[in-house]
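The structure appears below as structure tokens.
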Amino acid sequence: MCRAKLAVKVVLSKNGYQVPIKEEHKLRFVLTISDQEGGKYTQNFENVMLTEFGTYEIEFKVVSSMTSIRVTTYCSVFSKNKNRDEILEVSAVKEMNGGYTESFVNMYLRENKDGYNLHLIGKNGEPKVGD
């Protein structure tokens, strides 16, 4: 059995300033691996605590016919406008087509007048659309 690690970096920002992610944010990840036969393998990572650098390593089993890896990030944030916690969700997918890179997307949580938005920023710094 071959295993691999995927480093996930999460950045929480408010009004352009980085905010530390704390236990009350209830950060969690769901890793989904798809294979050529249409199978899906899912692992849940609950109550994630990030390193001092804002990263978390996800270790997973490598499937020989793997076609894609999807990481879905969930974060609980208190909304002042709604006066309650809201669960924010964002996914990033890497297709296994031979074009491997060290980083394919960064995730940013930003507050605006309506609450919070979770942004996927691609490797070139532009917002990633679709997923």
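For the reader, a short list of remarks on this structure follows.
- Of all residues making up segment 59-89, the number that are in a strand (DSSP E or B) and either polar (S, T, N, Q) or modelled with pLDDT under 85 (or both): 13
- For Val30, the test of being in contact (Cβ under 8 Å) with a residue 60 or more places away in the chain, under 28 Å from Ser79 (Cβ atoms) and in a strand (DSSP E or B) is failed.
- For Glu24, the stated conditions hold: it is exposed (fewer than 11 other Cβ atoms within 10 Å of the Cβ) and more than 20 Å from Lys5 (Cα to Cα).
- Leading residue by the ranking (nearest to Ile87 (Cα to Cα)) among those in segment 33-55 that are touching a Phe, Trp or Tyr at 6+ places or on another chain (Cβ under 7 Å) and in a strand (DSSP E or B): Phe45
- For segment 43-55, a residue qualifies if it is surrounded by 11 or more Cβ atoms within 10 Å (Cβ to Cβ) and modelled with pLDDT under 85, and the qualifying residues are Leu50, Gly54, Thr55.
- Residue in segment 31-42 that is among the aliphatic types (A, V, I, L, M) and either loosely packed, with under 11 Cβ neighbours inside 10 Å or at pLDDT below 80 (or both) present: no
- Failed criterion for Asp131 (all others in (1) surrounded by fewer than 16 Cβ atoms within 10 Å (Cβ to Cβ); (2) over 20 Å from Arg3 (Cα atoms); (3) at pLDDT 75 or above hold): (3)
- Some residue of segment 94-108 being buried (at least 16 other Cβ atoms within 10 Å of the Cβ) and at pLDDT 85 or above: no
The values are calculated or read from the model by the stated rules, or taken from the named source; none is laboratory data. Since we're looking at a predicted model, the values are computed, not measured. Because the Cβ atoms are built from the backbone with ideal geometry, glycine has one as well, and the counts that use them run over all protein chains shown.
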